[in-house]
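Colleague: A single structure is presented below for examination.
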Amino acid sequence: MSKYIPKSLEKNWQKKWHEAGLYKVDLTDSKKKYYLLVELPYPSGDLHMGHWFTFAVTDILGRLKRMQGYNVFFPVGFDAFGLPAENAAIKRGINPRDWTYGNIETMKKQFATMGGMHDFEHGVITCDPEYYRWNQWIFIKMLEKGLAYRGKILSNWCPKDQTVLANENVEAGRCWRCGTEVVQKEVDQWMLKITDYADRLLWEDKQNFVLLHGFTGRPDKNFFPWLKEALETKGYRVQVPALPDPDDADPMEQIKYVLENCDFDQNTVLLGHSLGAVVAMKVTEALKTKIAGLVLVAPFIEPKFRDHPRPFEKKFNWEFDFKKIKSNISSAITVGDIDDSAVAPAHVKKAAEVLGAELVMVKPNIDHFTGHQEPEVLKQLLSLNKTSQIDWPQPVREGQNNWIGKSEGVIIKFKVKDSSEVIEVFTTRPDTLWGATFIVLAPELDLVFKITTSDKTKEVTAYQEKAVKKSEMERKENKEKTGVFTGAYAINPLNGNEIPVWIADYALAQYGTGSLFGDAHDDRDVEFAKKYGIALTPTVITGDVERDARIKNKEEVFTGYGTLIESGKYTGMSSVEAKRAVIADLVHAKSAEVFVNYHLHDWSISRQRYWGTPIPVIHCQKCGTVPVPEKDLPVVLPEIKDYSPQGKPPLAAAEEWVNVKCPNCAGDAKREVDTMDTFVDSAWYFLRYVDPKNEREIFNKQLVSRWAPVELYIGGAEHTLGHTLYSRFFVKFLHDIGVVPFDEYAKKRVHHGVILGPDGARMSKSHGNVVNPDEQVDQFGADAVRMYLAFLGPYDLVAPWNPTGIRGVYHFLQRVWELNEKVDGYQSTVEGKSKKTVNRKSITHNLSAADLFWMHKTIKKVGEDVSSIKYNTAVAALMEWLNYLSRKAHGGKILHDEYETLLLLVAPFAPHMTEELWQKSHSFTHFDAENSVHKQAWPVFQEQYIKEEKVIIVVQINGKVRENVEVETGADQVAVEKLARASEKIQNYLTGEPKKVIFVPGKLLNFVI
RNA sequence: GCCGAGGUGGUGGAAUGGUAGACACGCAAGACUUAAAAUCUUGUGCCAGCAAUGGCGUGAGGGUUCGAGUCCCUCUCUCGGCACCA
């Protein structure tokens, strides 16, 4: 057999696969679908290690799923609009389109060297008019719904790029692309009203629980008090209703009681114990909203008990609508006692079957789960958490929630003394209003002019001018608070106190109403008040005497909730009570209104650049802003000569294009010259991937509802607040206008890591630490690069490239290659070709128990680990098995079945090499798609082989390992103890009788002395 | 300041509350070689010991447990994000 030389072999297979159309996907195929999505790349013209990490490693999963019988769709397109193309065009005097398409061609060629199953036929290129046409279509739909509007807002402005930047594109006060310091400038912008979707974009995933006790049970009996506490310490809301007549229960009454007295929402988990499980099922059946899950502990669906009949049996008709119950829950678990004295395991099993629920049989602390603690119940209750349909990482959910920043509060109206003006102040802490001693307005507010007294005008104007000039950066850097008094006083609507009104730049014009009241329970307010000698009145105390003394003395600022003092009629109330009372009183007096404030702002999509989607509106002098009629879409970008912005957007120079007739009145009109933010392009591309060439509609709705949501979305953690939030917004909008039936587009989101340069710094040309994948491929082959990236560590790892590390997997591949020689039933010929000479069936039975154990353990491990994005341990498992096979081959041969299985398991990782070996080992004379190793089915692992006959039991003395004994699987404590006590080592420790002996079957024996 | 993720050998990293360090890199010794590379074999957490073996060991300190890298509390450091959000 020849040496393993990846270079020529890989090229050869890439060509043959392509010719044979091995990876052509048919989206109308009825096989189970698997839509694999990676964030679409920007066509920079250079495929770097990061692309390999995301696309080549994800290809491993795609190939596995394909072998497992899924119809895998793995499209790749290009995010082709955006500044770099335009900057390149300006710099080199070329057309951004030529630059972009040239780069795409280069990158496609580079992509081919990965040997992946990526589908470029479906991958859209976002600068293609047939794609951005539908950006324009969506924009017009949003315009119709009032979600797109024109607003003048203070925006982040990059003076170098001459464009507006979204908050997400400002990094530490600088433009994310060019690093120029961003300034604040008021600009006319097209905005998308993402704030209308703020509530729906929140991840409401905090579960709450309703626990139903059983016959003769009580909320304070059995495990209920313990379980309630355990859940509450974890921060969950728990309801444990006392069901009517527990000792002579009428199930119908109990069901009615629960429905009337408990709250249910989509995050509720309902638990029922024994008869409570029956009640729980009937409650679920009657619910109008879907709940998160049902946990049934020792349930039954017929009145048949092992011990004796129960009085409730005849009060209930024992009919369930299981279909209805199933449709009202996302998932269900039934937990049974393996030797319950009342409810037979068969009954529990039956309940599980009719509900399609997971069945867990355990040994509870006390028979029929009546112990004070039943940890298994808690465990199952919490395990339901992870079975949510939409599986996005917790940090993303929390990050997006924080960014949306919902805060519920009130807007309070302060009358200005001797004036008709009113100052509106947003607060979430109306309980501290009584103690308000000043008001602060953001300097930019127009209101400032109206209330400033004449003697203060000079100072106020001077401060305002200074504040406006300050860039965002300076404002943030300068933590020292500044401000000036306006001379005006406002009247506290709660107690009539007159308090001074100041302006200060720590009040942000963009947040809330741009004004706040200051009191003794906010660090910033206290800092400001102390600096300017403004009085403070502490009104909230904790109950801790020492601490309260400090708070009253203003030595400590208490910002939490507590009890009110010095607050008139509210004194003595808790903060929560006081909040409620103050809001009620003020709303009644029309001095306040309840208000929900969001940190999230509307999305400004206007860009004063050329290389983007033209915004499809026409400005008519008579009719105003008129959308371009659908039939006239797309509005195609015109060719222009000069792409550099010169105080006005480059498109303004395309006069022939700009000057149009108004679609309404046919009068002279001008086109909008701004283009769209490229985040619009990437907000819905994954839907168009399914049907990219459709000229009649945005996509075929049926096809998309069959293929989306995607199974897995791989992307960068940096897109948590930008891209993924925007795309969730777009999909929800498309859902609302009836284009798609779902409102989340990705079932699972996983972040990829970042490969740093060997020096630990981010790879960049200026650092000179770039590891070029092409060079690595040249040296070690694509298979080794793929596998090394998979092997590095967890997939979201941020770690440097280790130049010698790749040798490890290269070595692995080489050993797989050379093992071919050692396969029984093959003969090497002089030319380096092998021939199969033995019927493979005849050898199968020659596999020893250990051989089968290793084989099946590896089949299981690799399949499971790759599916759950743990490529590194999957590779490790393959290496372990290879080590086993090598040891075996050292003095003898390995069997054909083993080698063939090994090739199948390695195939997703190293597609080229395994294909070569597969073809050789089958002596195929010419390649045919059906013969490909990649068309073979994934081996099926069989449980029977991975059950070991003998196991090693660890023997411990006081928890320290002292001895190992080998016993038959399933050996009981008596047998193991006997063996352990026979050991000399153990005898040395075991002088007297142990106090206690712990036995974990199949695992360990622990003598406590 | 707030939110999130973490801290395990020389390195990347494994470990459903049950033998910590799988797998790999690196390193060391040996084999092959005139030599080197490649390859193969063996060893490799730290301390003591020729060894058998013993002690210590998952950022620090406490706790729960027969048993803790894993669960709980306090602290500390690193990374990521947000940041004067009323």
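The values are calculated or read from the model by the stated rules, or taken from the named source; none is laboratory data. What you see is a predicted model, and the numbers here were worked out from it, not measured in a lab. As a convention, Cβ positions derive from the backbone with ideal geometry for all residues, glycine included, and neighbour counts pool all protein chains shown. The area values use the complete protein model at the heavy-atom level, side chains included, leaving out ligands, DNA and RNA. Shrake-Rupley method; radii C 1.70, N 1.55, O 1.52, S 1.80 Å.
Colleague: Could you identify the single residue in A:Lys1003, A:Lys947, A:Lys960 that is within 22 Å of A:Thr858 (Cβ to Cβ) and of a type in the set (Lys, Arg)?
Modeller: A:Lys947
Colleague: Of the residues that make up the range A:766-778, is at least one polar (S, T, N, Q), over 30 Å from A:Ser8 (Cα atoms), more than 14 Å from RNA strand B (Cβ to nearest atom) and out of contact with any helix residue (DSSP H, G or I) (no Cβ under 8 Å at 6 or more places or on another chain)?
Modeller: yes
Colleague: Looking at (1) closer than 26 Å to A:Thr58 by Cα; (2) open to solvent by 10 Å² or more (accessible area, probe 1.4 Å), which is the one condition that is false for A:Asn659?
Modeller: Looking at each condition in turn, A:Asn659 falls short on (1).
Colleague: Out of (1) near RNA strand B (Cβ under 9 Å from one of its atoms); (2) in contact (Cβ under 8 Å) with a residue 40 or more places away in the chain, what's the single condition that is false for A:Val955?
Modeller: (1) is the only condition that A:Val955 fails.
Colleague: Right, something else. So which residues in the range A:883-911 are part of a helix (DSSP H, G or I), at pLDDT 90 or above and within 16 Å of RNA strand B (Cβ to nearest atom)?
Modeller: A:Asn883, A:Tyr884, A:Leu885, A:Ser886, A:Leu902, A:Leu905, A:Val906
Colleague: Looking at (1) touching an Asp or Glu at 6+ places or on another chain (Cβ under 8 Å); (2) without any contact (Cβ under 8 Å) to a residue 60 or more places away in the chain; (3) not hydrophobic (A, V, I, L, M, F, W, C), find the lone condition where A:Asp79 falls short.
Modeller: (2)
Colleague: Right, something else. Those residues that are more than 45 Å from the chain's Cα centre (by Cα), touching a residue at least 12 places away in the same chain (Cβ under 8 Å) and within 12 Å of RNA strand B (Cβ to nearest atom), I need them from the range A:968-1006; list them, please.
Modeller: A:Ser983, A:Lys985, A:Ile986, A:Tyr989, A:Pro994, A:Lys995, A:Lys996, A:Val997
Colleague: Look through the range A:505-539, keep the residues that are away from RNA strand B (no atom under 13 Å from the Cβ) and within 18 Å of A:Ser575 (Cβ to Cβ), and return whichever of them is most open to solvent (accessible area, probe 1.4 Å).
Modeller: Ranking the candidates gives A:Thr537 first.
Colleague: Additional query: How many residues are open to solvent by less than 50 Å² (accessible area, probe 1.4 Å) and within 28 Å of A:Pro84 (Cα to Cα) when one looks only at the range A:692-709?
Modeller: The qualifying residues number 2.
Colleague: Out of everything in the range A:924-976 that is of a type in the set (Lys, Arg) and within 27 Å of A:Asp897 (Cβ to Cβ), what residue ends up being most open to solvent (accessible area, probe 1.4 Å)?
Modeller: Per the criteria, the residue is A:Lys947.
Colleague: Looking at the range A:13-43 only, could you name the residues that are open to solvent by less than 30 Å² (accessible area, probe 1.4 Å) and part of a helix (DSSP H, G or I)?
Modeller: Once the filter is applied, which keeps residues that are open to solvent by less than 30 Å² (accessible area, probe 1.4 Å) and part of a helix (DSSP H, G or I), the range A:13-43 yields A:Trp13, A:Trp17.
Colleague: Any idea which of A:Val295, A:Val258 is crowded, with 18+ Cβ neighbours inside 10 Å and more than 32 Å from the chain's Cα centre (by Cα)?
Modeller: That would be A:Val258, the only listed residue that is crowded, with 18+ Cβ neighbours inside 10 Å and more than 32 Å from the chain's Cα centre (by Cα).
Colleague: Still on this model: I need the full set of residues from the range A:922-957 which are polar (S, T, N, Q) and at pLDDT below 85, in order please.
Modeller: Selection gives A:Ser923, A:Thr925.
Colleague: Suppose we filter the range A:134-161 for residues that are open to solvent by less than 50 Å² (accessible area, probe 1.4 Å), of a type outside the set (A, V, I, L, M) and either in a strand (DSSP E or B) or on the phi > 0 side of the Ramachandran plot (or both); how many remain?
Modeller: Qualifying residue count for the region: 6.
Colleague: Which of the residues that make up the range A:597-617 are open to solvent by less than 20 Å² (accessible area, probe 1.4 Å), within 16 Å of RNA strand B (Cβ to nearest atom) and either touching a Cys at 6+ places or on another chain (Cβ under 8 Å) or not polar (S, T, N, Q) (or both)?
Modeller: A:Leu600, A:Trp603
Quick grid of which residues meet (1) in a loop (DSSP other than H, G, I, E, B); (2) within 24 Å of the chain's Cα centre (by Cα); (3) without any contact (Cβ under 8 Å) to a residue 12 or more places away in the chain:
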| residue | (1), (2), (3) |
| --- | --- |
| A:Phe55 | no, yes, no |
| A:Lys65 | no, yes, no |
| A:Gly69 | yes, no, no |
| A:Pro84 | no, no, no |
| A:Trp99 | no, no, no |
| A:Ile104 | no, no, no |
| A:Phe111 | no, no, no |
| A:Gly123 | yes, yes, no |
| A:Tyr132 | no, no, no |
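Colleague: Where residues in the range A:639-652 are assigned to a loop (DSSP other than H, G, I, E, B) and small (Gly, Ala, Ser), which of them is modelled with the lowest pLDDT?
Modeller: The extreme case among them is A:Gly647.
A quick yes/no check of all residues on (1) within 16 Å of RNA strand B (Cβ to nearest atom); (2) open to solvent by less than 20 Å² (accessible area, probe 1.4 Å); (3) closer than 27 Å to A:Lys193 by Cβ:
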residue	(1), (2), (3)
A:Ser644	no, no, no
A:Ala654	no, yes, no
A:Val680	no, yes, yes
A:Tyr713	no, yes, yes
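Colleague: For the range A:912-932, does any single residue satisfy the condition of being part of a helix (DSSP H, G or I), within 16 Å of RNA strand B (Cβ to nearest atom) and within 30 Å of A:Lys1003 (Cβ to Cβ)?
Modeller: Looking through the range A:912-932, none of the residues is part of a helix (DSSP H, G or I), within 16 Å of RNA strand B (Cβ to nearest atom) and within 30 Å of A:Lys1003 (Cβ to Cβ).
Colleague: Residues in the range A:412-447 that are within 9 Å of RNA strand B (Cβ to nearest atom), in a loop (DSSP other than H, G, I, E, B) and among the polar types (S, T, N, Q): how many?
Modeller: Of the residues in that region, 1 qualify.
Colleague: Is it true that A:Gly757 is closer than 17 Å to A:Thr54 by Cα, within 16 Å of RNA strand B (Cβ to nearest atom) and open to solvent by less than 10 Å² (accessible area, probe 1.4 Å)?
Modeller: yes
Colleague: Using beta carbons and a limit of 8 Å, which pairs, at least six apart or on different chains, have the first residue in the range A:718-740 and within 20 Å of A:Lys141 (Cβ to Cβ) and the second one open to solvent by 10 Å² or more (accessible area, probe 1.4 Å) and within 13 Å of RNA strand B (Cβ to nearest atom)?
Modeller: Close Cβ pairs satisfying both conditions: A:Leu725/A:Trp403.
Colleague: Wholly within the range A:792-856, which strands (runs of 3 or more DSSP E) include no fewer than the required count, namely at least 2 residues that are modelled with pLDDT of 90 or more and of a type in the set (Phe, Trp, Tyr)?
Modeller: none
Colleague: Report yes if A:Asp46 is among the acidic types (Asp, Glu), free of Cβ contacts under 8 Å to residues at least 60 places away in the same chain and open to solvent by 30 Å² or more (accessible area, probe 1.4 Å), otherwise no.
Modeller: When the stated conditions are applied, A:Asp46 does not pass them.
Colleague: Going by the conditions given, is A:Gly409 crowded, with 19+ Cβ neighbours inside 10 Å, near RNA strand B (Cβ under 10 Å from one of its atoms) and either farther than 20 Å from A:Ala535 by Cβ or among the hydrophobic types (A, V, I, L, M, F, W, C) (or both)?
Modeller: yes
Colleague: In this structure, does A:Gly102 turn out to be at positive phi and open to solvent by less than 50 Å² (accessible area, probe 1.4 Å)?
Modeller: no
Colleague: Within the group A:Val582, A:Val594, A:Val636, which residue is open to solvent by 50 Å² or more (accessible area, probe 1.4 Å) and not in a loop (DSSP other than H, G, I, E, B)?
Modeller: A:Val594
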